[in-house]
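The values are calculated or read from the model by the stated rules, or taken from the named source; none is laboratory data. Computed from a predicted model, the values in this text were never measured in an experiment. No Cβ is skipped: glycine too gets one built from the backbone with ideal geometry, and neighbour counts run over all protein chains shown.
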Amino acid sequence: MAKMTYPDYISKKRIPVAPPEKLVVDGQAVFGTFDSEIPVLNLLDLNNKPPKKNLGKYTEWEALELSFEDFTLLTAVYATGPIGFTIMVFFDKALGKVTHKWIKIGLRSSAKVAKNLIDSDTEMYLGKTEYCLSNKFKEGKAFCKANSKGKSGEIDLEVELTNLSDPSVVSIPFGDNLPLYSQKNIFSVKGYVSINGKKYEANEKSMAIIDDHKGYYPHYAHYDWLTTMGKIEENGELKTFGFNLTRNQSINQDDFNENLIWLDKDSSPLPPVIFIHDEKDPSIWYVKDELGKVDVKFVIEDTFKIVANAGIIMMKYYLPFGKISGKVVDVNGKEYIVDGMMGIGEDKTTKM
C-alpha cells in the first residue's frame, strides 16, 4: 500500500496515534484509535456510579479465527454477566457446513480473559475442555493450545502465530464514559488442528485473526460484523489481505469505528458502514457505506447459533460462514476486489 494521505472523509480521530499507558485514567476512559497495544486495560476502574456494578455490566472475550485450506475454525473464551464459556466452531469449506462444535459453559470465574495482549493468557480449564491462548504481541507472537471432547468428538490443536499486520486498536464510546475496546491483528500460522484424529497441518496459505474485546454494552445491545483474510495479487505479488467491518452502538460512527483494510504490514481505515439483511433471502447480507468505498455482498452457507431467553436476560448470537464478493477501496483510491473470499460474520443481540 502506498504512503497514505488521509482524505477528508476519514476523521482525524481514525488516524492511529500512540496508545495511553492505561485505558482508564482517573476514572475516565480514553477514546480513540491507536497504533499499538494498550498496556493496562483497566476498564473496571471507571468511576461510573455505582462502581461496584461495573463487573456485572462488563463483557470481555478473546477470539482466535483460523483459516486453513480445508476449514475455518473460530475459537473464543467469553466472560459476560455471571457466566463464562468457550466455543470452538469448525466450518468445512468443501461441504459448506458447520460440521463440529464444542461449547463449554461455567461460572464467570472459570473463564480467564487476558489482561492485555503483551504478556497475558486467555484460559479456560473446565471438565473435558482445556484452552490456552498465550499473547506475546510485543514479540509479534501468540500461541494457542486447546483440547475438548463432546458430542462432536474430540478437537486438539496447537498453533504458533506470527503477526503480519498493523494492529486495529480502538476505544469506542457507547456512552459518556462507557468504552468498548477492541484489538485485531492478522497472523501467519504454524502447527496443526486435529478433528477426531484427522490432522490438518498449517501451510503458507494458513492465516489467523486474533480479536480481543472488552467493554460495556447498553441494556439492549446489537452489532453486526464481517471479516475476511487471505492472499490477493498486488502488482504481481501475493500479499496478505483482510478487512474488518462492524456496525455497533458507537455514539459517533465517523470518529469512532473499527473498519479497515489490511494489506501486508499496512492498514487503511474505512468509513462507517451499514449492514443490510436481505428481507427475501436471510442468507444474504450487504455491507455498504455512503461514499462507495465499501460495497460487499456476503452469501451465507451455514450458521452456528446460540439463542437463550430467560426473561431479564436474552441473547441471540448468530455466527455465519460463507462467501463474499464486491469491493473495498483504500484511502489512496485503490480498489480491492474480494470475489470468492471466505467470510465470517456475527449478528448478535443481547438484553442484560
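State whether the residues of the range 84-92 include one that is closer than 26 Å to I209 by Cβ, part of a loop (DSSP other than H, G, I, E, B) and not β-branched (V, I, T). Scanning the range 84-92, I find no residue that is closer than 26 Å to I209 by Cβ, part of a loop (DSSP other than H, G, I, E, B) and not β-branched (V, I, T), so the answer is no. For beta carbons closer than 8 Å, sequence separation of 6+ or different chains, a first residue in the range 268-293 that is within 26 Å of S168 (Cα to Cα) and touching a residue at least 24 places away in the same chain (Cβ under 8 Å) and a second that is among the aromatic types (F, W, Y) and part of a loop (DSSP other than H, G, I, E, B), the qualifying pairs are P269/Y6; P271/Y9; L291/Y9; K293/Y9. Of the residues in the range 162-181, at least one is closer than 25 Å to L260 by Cα, surrounded by fewer than 17 Cβ atoms within 10 Å (Cβ to Cβ) and modelled with pLDDT of 95 or more. Here L55 clears all of (1) of a type outside the set (K, R); (2) more than 19 Å from D212 (Cβ to Cβ); (3) without any contact (Cβ under 8 Å) to a residue 24 or more places away in the chain; (4) assigned to a helix (DSSP H, G or I) except the condition numbered (2).
In this structure, is T86 hydroxyl-bearing (S, T, Y), farther than 30 Å from V299 by Cα and in contact with a Lys or Arg (Cβ under 7 Å, 6 or more places away or on another chain)? Working first, answer last.
On the way: hydroxyl-bearing (S, T, Y): yes; farther than 30 Å from V299 by Cα: no; in contact with a Lys or Arg (Cβ under 7 Å, 6 or more places away or on another chain): yes.
No, not satisfied.
Tell me, yes or no, whether the range 313-322 has at least one residue that is more than 30 Å from G56 (Cβ to Cβ) and loosely packed, with under 15 Cβ neighbours inside 10 Å. Scanning the range 313-322, I find no residue that is more than 30 Å from G56 (Cβ to Cβ) and loosely packed, with under 15 Cβ neighbours inside 10 Å, so the answer is no. For K101, the requirement of being surrounded by 17 or more Cβ atoms within 10 Å (Cβ to Cβ) and either out of contact with any strand residue (DSSP E or B) (no Cβ under 8 Å at 6 or more places or on another chain) or touching a residue at least 24 places away in the same chain (Cβ under 8 Å) (or both) is met.
Quick one: which residue in I251, I209 is outside any loop (DSSP other than H, G, I, E, B), β-branched (V, I, T) and either surrounded by 15 or more Cβ atoms within 10 Å (Cβ to Cβ) or out of contact with any helix residue (DSSP H, G or I) (no Cβ under 9 Å at 6 or more places or on another chain) (or both)? Show your work before the answer.
On the way: I251 fails: outside any loop (DSSP other than H, G, I, E, B).
Going through I251, I209 in turn, just one is outside any loop (DSSP other than H, G, I, E, B), β-branched (V, I, T) and either surrounded by 15 or more Cβ atoms within 10 Å (Cβ to Cβ) or out of contact with any helix residue (DSSP H, G or I) (no Cβ under 9 Å at 6 or more places or on another chain) (or both): I209.
The single residue among N252, N257, N248, N244 that is of a type outside the set (G, A, S), in contact (Cβ under 8 Å) with a residue 40 or more places away in the chain and within 20 Å of A208 (Cβ to Cβ) turns out to be N244.
Selection within the range 28-80: residues that are of a type in the set (D, E, K, R) and modelled with pLDDT of 95 or more. The member of this set that is nearest to G96 (Cα to Cα) is D70. The set of residues in the range 183-204 being among the small types (G, A, S) and either out of contact with any strand residue (DSSP E or B) (no Cβ under 7 Å at 6 or more places or on another chain) or surrounded by fewer than 19 Cβ atoms within 10 Å (Cβ to Cβ) (or both) consists of S188, G191, S194, G197.
To keep it simple, each residue is scored yes or no on (1) more than 17 Å from I186 (Cα to Cα); (2) modelled with pLDDT under 95; (3) out of contact with any Phe, Trp or Tyr (no Cβ under 8 Å at 6 or more places or on another chain).
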position: E237; (1), (2), (3): yes, yes, yes
position: N257; (1), (2), (3): yes, no, yes
position: D266; (1), (2), (3): no, yes, yes
position: P269; (1), (2), (3): no, no, no
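If you go through the range 24-42 and keep only what is of a type outside the set (V, I, T) and either farther than 24 Å from D254 by Cβ or not in a strand (DSSP E or B) (or both), you end up with D26, G27, F31, D35, S36, E37, P39, L41, N42.
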